[in-house]
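Below is one structure; the comments refer to it alone.
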Amino acid sequence: MKFLAITLITHRPDPVTGIQKSTHHRFREVLDHAVLAEELGFDGFGVGERHERPFISSSPTVVLSHIAALTRRIRLFTAVTTLSLLDPVRAYEDYATLDHLSDGRLDLIIGKGNGTAQRELFQVTPEDQWDRNAESYEVFRKLWRQDKVTAATRFRPPLTDAEVWPRPYQQPVRVWHGSATSKESVDLAARYGDPLFSANVTNPIEPYAELIRHYRDRWEHYGHDPAKIAVGAGTAGLFVARTSQEALKIYRPIFESTLAFQRQFGLPVVFETVEDFVERSSALIGSPQQVIEKVHRYHEQFGHSVLHLHADGSGLTDTQHRSSLTLFQSEVASVLRHELPDPPFAWEPVLPVPPVVEEPEEAVESVRV
């Protein structure tokens, strides 16, 4: 199993102290967390894309480019690229550039995105968002693979023998399809034989497991080899401590503050108590053994080979957050890497082989002389 640390770059007051860091401080914190994730041995680091309050992740390519310069090994993910809102030509240009700057460490997780404010900002309607997402991906996919592209598009000017630069470093880039509740995203992933990433954050396991079963059915419907399926899954929170009692004690005020925030803004409440949250949500809160057992329980339903965790402390102190991530890597991930399978593809990118440049005959003769 592979492990990612992911941030949506939420920018709101700390749920425990009530203090809100400056925008500049928050961005620096994301960079520090990415470097820490690589140091601790995480396999990937993801940055979300949102265009509404309380998020400041509107430019993931810029943030990931900076992270690419600070790291050497860790793969870089988008979480998610909201293709329903974007011109696929501009999205391709940005991500092909990032692909080069990261030496081919880029993975994309795409999705339609959610939130009324960002839909209105880009004049996307609930009725056309799925068609926009599918069309943008189809154009993006062609641009990555073909030197010249012709596409009779509805939501942007049509393309006729269009050349878009730069050409990418990876051929092709790996694209995951992010899905929370939608069969449309699942079907699009299965149609193209692409991996699926289940959000797996808001609800108990059942609706996500149902979607993943649907994905597997559609995968076979489109004639793909079942052995090549790859599924990723998210988590609703993370805090690993030496004992379950310590984990629950420290996490309780974080949960209660988040619950109050949900009620204040009329957001749906699924888990009424921290005990219920720990038991029935995808949150990994407890001792190392408890967390290992919970990941196994979810794996029985999902068959997933990639797991994402929160890169942010989200109410934990810096010391608590670092201790939790360190303990997760040393006593949880180290076990799960051996007990659960990896994705059915090489994690490191297959990069272009540089051409062999032959020396001119005159130069060879001069060396001989």
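Throughout, read-outs are computed from the coordinates displayed, never taken from laboratory work. Here the structure is a predicted model, which means the values were calculated and not measured. Because the Cβ atoms are built from the backbone with ideal geometry, glycine has one as well, and the counts that use them run over all protein chains shown.
Quick look at the numbers
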item	result
Kirkwood Rh in Å, taken over all unlike Cα pairs in the chain	21.8 Å
DSSP beta bridge pairing in segment 2-368, given as percent antiparallel to the nearest 5	10 percent
Integer Hz, Karplus 6.51/-1.76/1.60 couplings in order for segment 305-317, x for Gly and Pro	10, 9, 10, 10, 10, 6, 6, 8, x, 6, x, 6, 5
In the chain, lysine pairs closer than 21 Å at Cα, eight or more apart or cross-chain	6
Residue of Tyr222, Tyr95, Tyr251 that the Gaussian network model of the chain assigns the largest fluctuation, springs spanning Cα pairs under 10 Å	Tyr222
Spin-label pair Leu31/His214, simplified geometry with 7 Å Cα→Cβ offset, distance in nm	4.2 nm
For Ala5, residues with placed amide H under 5 Å, excluding near neighbours	Gly44, Phe45, Gly46, Leu309
Per-residue ³J(HN,Hα) for segment 267-278, Karplus 6.51 cos²θ - 1.76 cosθ + 1.60, θ = phi - 60°, Hz, x for Gly and Pro	7, x, 9, 9, 10, 7, 10, 5, 5, 5, 4, 5
Contour minus Cα-Cα distance for Ser334 and Lys249 (0.36 nm per residue)	28.1 nm
Amide hydrogen neighbours beyond the local backbone of Gln20, cut-off 5 Å, H modeled	Asp14
For Ile285, distant residues with modelled amide H under 5 Å away	Phe239
